[in-house]
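J.: Below you'll find the structure I mean.
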Amino acid sequence: MLYGLEARAPWLDYRIVELAFRLPTSFNLRGRTGKFILREAVAPYVPEPLLKRKKMGFSVPLAEWFRTSLKPVFETLALGSGMEKFASVAEIRRIWAEHQSGLHNHDRKLWNLLMLASWDMKHTLPDSSSGSDASEAYALQ
């Protein structure tokens with residue numbers, strides 16, 4: 001992973017790491033259960049279903065955001081004629097409409113398009129003939 005959110009800083013103390021490396025493998029792996037000793041240590045404080053669930057990734061509700069708070073930003077930045085140099089605006093409008101209707105979840109594609117449009121806005125000289133101020137939409141973030 002090139003970028004990520006690290007939320008385990010307390011576990012990075014060098015003394016904890018040194019202790020973990022000194023423990024026998026059986027403390028870490030019991031059958032098919034990983035992090036066994038950690039699970040046992042926190043069992044009195046953490047609900048059992050939480051301890052037994054499968055590993056989950058951290059995700060953000062992009063699909064919902066594109067239908068709510070990111071909607072005006074996307075419509076201003078990614079549905080403008082400035083995107084023609086990168087992709088068909090008609091195609092962008094098509095997947096946008098599909099996403100808005102709930103027919104398909106295009107959140108990843110839409111996110112990539114929004115990032116491209118944001119990058120383009122930041123690195124392209126302003127077009128005085130456009131009449132719209134994309135920076136206002138960008139400020140909504």
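J.: Name, by its number, the condition in (1) part of a helix (DSSP H, G or I); (2) at pLDDT 90 or above; (3) of a type in the set (Phe, Trp, Tyr) that does not hold for Tyr45.
T.: Answer for Tyr45: the failing condition is (1).
J.: Pairs, please: C-beta under 6 Å, at least 6 apart or cross-chain, first residue farther than 19 Å from Pro72 by Cβ and in segment 98-114, second modelled with pLDDT of 95 or more and surrounded by 12 or more Cβ atoms within 10 Å (Cβ to Cβ)?
T.: The qualifying pairs are His104/Glu98; Asn105/Ala63.
J.: Inspect all residues belonging to segment 109-120 and state whether any of them is touching a Lys or Arg at 6+ places or on another chain (Cβ under 9 Å) and farther than 12 Å from Ala63 by Cα.
T.: Within segment 109-120, the first condition is being touching a Lys or Arg at 6+ places or on another chain (Cβ under 9 Å), and the residues that meet it are 120.
Filter again for farther than 12 Å from Ala63 by Cα, leaving 120.
The answer is yes; a qualifying residue exists.
J.: Where in segment 71-141 are the helices (runs of 4 or more DSSP H), entirely inside, with at least 1 residues that are of a type in the set (Phe, Trp, Tyr), surrounded by fewer than 18 Cβ atoms within 10 Å (Cβ to Cβ) and at pLDDT below 95? Reasoning before the result, please.
T.: On the way: elements: 71-77, 89-101, 107-123, 134-139.
By residue number, 107-123, 134-139.
Residue by residue, here is whether (1) among the basic types (Lys, Arg); (2) farther than 30 Å from Asp120 by Cβ; (3) in the same structural domain as Arg93 (by TED's automatic domain parsing) holds:
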{"residue": "Ile37", "(1), (2), (3)": "no, yes, no"}
{"residue": "Tyr45", "(1), (2), (3)": "no, yes, no"}
{"residue": "Gly57", "(1), (2), (3)": "no, no, no"}
{"residue": "Arg67", "(1), (2), (3)": "yes, no, yes"}
{"residue": "Lys71", "(1), (2), (3)": "yes, no, yes"}
{"residue": "Phe74", "(1), (2), (3)": "no, no, yes"}
{"residue": "Leu79", "(1), (2), (3)": "no, no, yes"}
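The values are calculated or read from the model by the stated rules, or taken from the named source; none is laboratory data. Predicted model only: the values in this text are computed from it and were never measured. Every residue, glycine among them, receives a Cβ derived from its backbone with ideal geometry; neighbour counts consider all protein chains shown.
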